[in-house]
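A quick write-up on the structure given underneath.
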Amino acid sequence: MASSVPLTGVILVDCAKANVASGLAKACDRCGYGDDIAAFQAALKSACDEMNVDIQEFAELPADAPIKHDLGTEAS
């Protein structure tokens, strides 16, 4: 379910992690940023920086592309 307001901080990072397998656009929407991917990415980077979380798992995700998880399976 999409958030009605843009998430921030640890809640944003948790939401993004939970939705990253669905693609960038879907994660952006579910975290309350609608289709404003630039704002979502900026807020996510800021939240990760504040928490000393490695943003690499999000940084290389192309829009709506499936990603491979550590278990070697592909999600879409």
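Here, each number is a calculation from the coordinates, and none is a lab measurement. Being a predicted model, the structure only gives us computed values, none of them experimental. FYI the Cβ positions are ideal-geometry reconstructions off the backbone, even for glycines, and counts take in every protein chain you see.
Filter the stretch 1-20 for residues that are among the hydrophobic types (A, V, I, L, M, F, W, C) and part of a loop (DSSP other than H, G, I, E, B); which is nearest to GLN56 (Cα to Cα)? Top of the filtered list is LEU7.
Which residue is surrounded by the fewest Cβ atoms within 10 Å (Cβ to Cβ), if the candidates are limited to the stretch 1-40 and must be of a type in the set (S, T, N, Q) and over 18 Å from ILE55 (Cα atoms)?
Quick first cut of the stretch 1-40, residues of a type in the set (S, T, N, Q) only: 3-4, 8, 19, 22.
Cutting the leftovers down to over 18 Å from ILE55 (Cα atoms) gives us 3-4.
Working: SER3: 14, SER4: 6.
It comes out as SER4.
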